[in-house]
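First the structure, in the form of structure tokens, and then the observations on it.
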Amino acid sequence: MAALLPVEEAQQRLFALGTPVAAETVELAAAAGRWAACDIAALRSQPAQDLSAMDGYAIRFADLPGPFSLIGESAAGHGFAGAVGTDETVRIFTGAAMPAGADTVLVQEEASREGTRVILAGDGPSAPGRNVRHKGLDFTDGDLLVTRGERLTPARIALAAIAGLGSLLVNRRVRVAILTTGDELVPPGAPVGAGQVPEANGVMLAAHLGDLPVDRSLPAILPDQLDLISGAIAAIDADIIVTIGGASVGDHDLIRPAIEAAGGTIDFWRIALRPGKPMLAGRIGSTVILGLPGNPVSAFVTAHLFLRPLIATLAGAANPLPRTTTAILGEPLPANDQRQDYLRARWAAGRVISAAKQDSSLLQTLAQADCLIVRPPFASAAEPGEMVPILPLA
């Protein structure tokens, strides 16, 4: 039997099976959550002119301590048309354009007004330019704002908007089909007979992809019949087909022969991973097929480590892998064997504590977990207080 494939090698081989989807131009609202398909540069400077950062009075710093003669007003979108001369001032509001001649804002809390006469009533600004947002403070016309392959977060969408863009080039949504297999499965909410169980993996995976740019079909439930499974696989038009269950070597594990019967090929199978060892990957035409184990925690962990990063890769992500961080261990962990472990865990008092039960069938421990502790192959025993790598889940 072939050696188990390391997690990192399996990820890279999986990504190599796919082809990035085509790019399209979409309006900003539709670009949220996608990955930029090209560099994004500013079409304007922000701010485009000097603006007041406070409510107060626009003055010439050299004229301090005043008094000043009030000659007008500048509000956001309605600037003062004239110029500020010696010992003159303009009432100004936050976000308003600085009038010509003025270089500083005297905040209103440090000013006293008597008709058109403004008097310093505090310490006043300590240097020229105080309380002014100068032209180009955020960025200037032509600046690179987002690089190709970066995800378009709400902040980056706002950045693109204020930089003058109304649409962005992104990769189209990835089409994902989810198939669950098993004679024992019934749809969620349906009556459950003897020997039957509600199907939970498909809806879990569909929800797990909810923040990604995917078009996903409703999870389909197929019985353990080779012809039905292979026929369904052959008929699907998608970028990724995800099967759940039937990926191992039992008499009713039909995913491998079904893929081959549909005209596909298997690239790799069996990962040095716990939970999730039986996962497999292959292709049928240009479609990537990912076969996940049927135990729910195994399905979740392999989806987190392989399916989500695969979607991100096809959608143009420069860094598709989930980010790990470190945390202080709260309870001891035993030494590990040749498989990389992902232990369900929770934060408690600033430390991470592994769930007592790690059986891959236990959904409740997954629902209660907010991270996975990563235990590399052959890791030595770990004691409380040590730093351990984790994958946040929330």
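The values are calculated or read from the model by the stated rules, or taken from the named source; none is laboratory data. Quantities reported herein were computed from a predicted structural model and do not represent experimental measurements. Quick reminder, even Gly has a Cβ in these numbers, built from the backbone with ideal geometry, and neighbours come from all protein chains shown. In case anyone asks, the SASA skips ligands and DNA or RNA and just uses the protein heavy atoms, side chains included. Shrake-Rupley method; radii C 1.70, N 1.55, O 1.52, S 1.80 Å.
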For the range 270-284, give me each residue that is open to solvent by less than 20 Å² (accessible area, probe 1.4 Å), of a type in the set (A, V, I, L, M, F, W, C) and in a strand (DSSP E or B). 271, 273, 280, 281
Scan the range 294-306 and tell me whether some residue there is closer than 30 Å to residue 32 by Cα, without any contact (Cβ under 8 Å) to a residue 40 or more places away in the chain and of a type in the set (Val, Ile, Thr). yes
Can we say residue 179 is out of contact with any Lys or Arg (no Cβ under 8 Å at 6 or more places or on another chain) and closer than 30 Å to residue 53 by Cβ? no
Out of 17, 51, report the one residue that is over 28 Å from residue 312 (Cα atoms), aliphatic (A, V, I, L, M) and open to solvent by less than 60 Å² (accessible area, probe 1.4 Å). 51
Might you check whether a residue that is touching a residue at least 24 places away in the same chain (Cβ under 8 Å) and touching a Cys at 6+ places or on another chain (Cβ under 6 Å) occurs anywhere in the range 167-174? yes
Of these, 115, 124, 85, which one is at pLDDT 95 or above and surrounded by fewer than 19 Cβ atoms within 10 Å (Cβ to Cβ)? 85
Please enumerate the residues belonging to the range 154-194 that are small (Gly, Ala, Ser) and surrounded by fewer than 20 Cβ atoms within 10 Å (Cβ to Cβ). 155, 158, 161, 164, 166, 167, 182, 189, 190, 193, 194
Would you be able to tell me the number of residues in the range 143-153 that are in a loop (DSSP other than H, G, I, E, B) and surrounded by 12 or more Cβ atoms within 10 Å (Cβ to Cβ)? 6
Considering the range 220-251 alone, what residues qualify as being more than 27 Å from residue 357 (Cα to Cα) and either in contact (Cβ under 8 Å) with a residue 60 or more places away in the chain or among the β-branched types (Val, Ile, Thr) (or both)? 221, 229, 233, 236, 237, 238, 239, 240, 241, 242
Could you count how many residues in the range 1-35 are farther than 30 Å from residue 339 by Cα and either acidic (Asp, Glu) or not in a strand (DSSP E or B) (or both)? 12
Pull out all pairs, ordered by first then second residue, where Cβ-Cβ is under 9 Å, the residues are six or more apart or on different chains, the first lies in the range 127-142 and is closer than 12 Å to residue 45 by Cβ, and the second is aliphatic (A, V, I, L, M) and in a strand (DSSP E or B). 133/51; 134/51; 135/51; 137/51; 139/145; 141/41; 142/41
May I ask you to list the residues in the range 57-94 that are part of a strand (DSSP E or B) and touching a residue at least 60 places away in the same chain (Cβ under 8 Å)? 57
Determine whether the range 214-228 contains at least one residue that is under 21 Å from residue 305 (Cα atoms), at pLDDT below 95, surrounded by 18 or more Cβ atoms within 10 Å (Cβ to Cβ) and of a type in the set (A, V, I, L, M). no
If the requirement is being modelled with pLDDT of 95 or more, open to solvent by less than 50 Å² (accessible area, probe 1.4 Å) and among the aromatic types (Phe, Trp, Tyr), which of these qualifies: 93, 61, 68? 68
Please work out which residue is farthest from residue 132 (Cα to Cα), limiting yourself to the range 20-46 and to residues that are more than 21 Å from the chain's Cα centre (by Cα) and crowded, with 18+ Cβ neighbours inside 10 Å. 42
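Yes or no, residue by residue, for (1) over 24 Å from the mean Cα position of the chain (by Cα); (2) of a type in the set (Lys, Arg); (3) not in a strand (DSSP E or B):
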position: 118; (1), (2), (3): yes, no, no
position: 128; (1), (2), (3): yes, no, yes
position: 137; (1), (2), (3): yes, no, yes
position: 155; (1), (2), (3): no, no, yes
position: 169; (1), (2), (3): no, no, no
position: 189; (1), (2), (3): yes, no, yes
position: 195; (1), (2), (3): yes, no, yes
